[in-house]
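Asker: Before I ask anything, let me first share the structure, which is written out below as structure tokens.
The values are calculated or read from the model by the stated rules, or taken from the named source; none is laboratory data. These figures come from a predicted structure and were not determined experimentally. Virtual Cβ from ideal backbone geometry, glycine too; neighbours counted across all protein chains shown. These area figures cover heavy atoms from the full protein model, side chains too; ligands, DNA and RNA do not enter into them. Shrake-Rupley method; radii C 1.70, N 1.55, O 1.52, S 1.80 Å.
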Amino acid sequence: MLPLLSGCVIFSSAEGDLQAELDTHRAMWETAGITDYRIRFQRLCLNCTVDFLVPVHITVRDGVIETVTDVDTGQPVDPEIMGAFRTIDELFDTIQFAIDQDAAQIDVTYDEVLGYPRDANIDLSRSLINDDDQFEIRDFEDLS
């Protein structure tokens, strides 16, 4: 017979692991205290229009998106699609939302030094089309 282990967690859910991972990396990001930065951001989805798939540079100042420019042309993106782009803090919120909604799939890779999400593939429901959220961040630059 096995002894009872009071207060020990023997099994943990994937959701619990995702939450712990998110909490750890969000804390790393917050500890870094970076509010001014530039990233290369690309959304990856099957059903997105071309405007949403173009790699862009996002410049954030004081935690707010200042500019979003096309990587290839250097031109600002259409103001009508500016709302499709997010700060790193907002990307953490997107991952939290997926965890809270018990999404069908959540795969995230975090930066090992600063903690921000480098890649994510989120599918809220396998039965719904167009609910995927996939993105990648490259070329992080601290502008502080």
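Asker: Where the accessible area of the stretch 57-121 is counted over protein heavy atoms with a 1.4 Å probe, how much of it, in %, is carbon and sulfur?
Answerer: On the way: 1450 of 3370 Å².
About 43 percent, which is the carbon plus sulfur part of the accessible surface.
Asker: I've got another one for you. May I ask for the net charge around residue 142, where only other residues with Cβ less than 13 Å from the Cβ of residue 142 are counted and Lys, Arg are +1 while Asp, Glu are -1? Each step should come with its number before you reach the end.
Answerer: On the way: positive: 38, 61; negative: 36, 111, 139, 141.
Within the 13 Å Cβ shell, the charges total -2.
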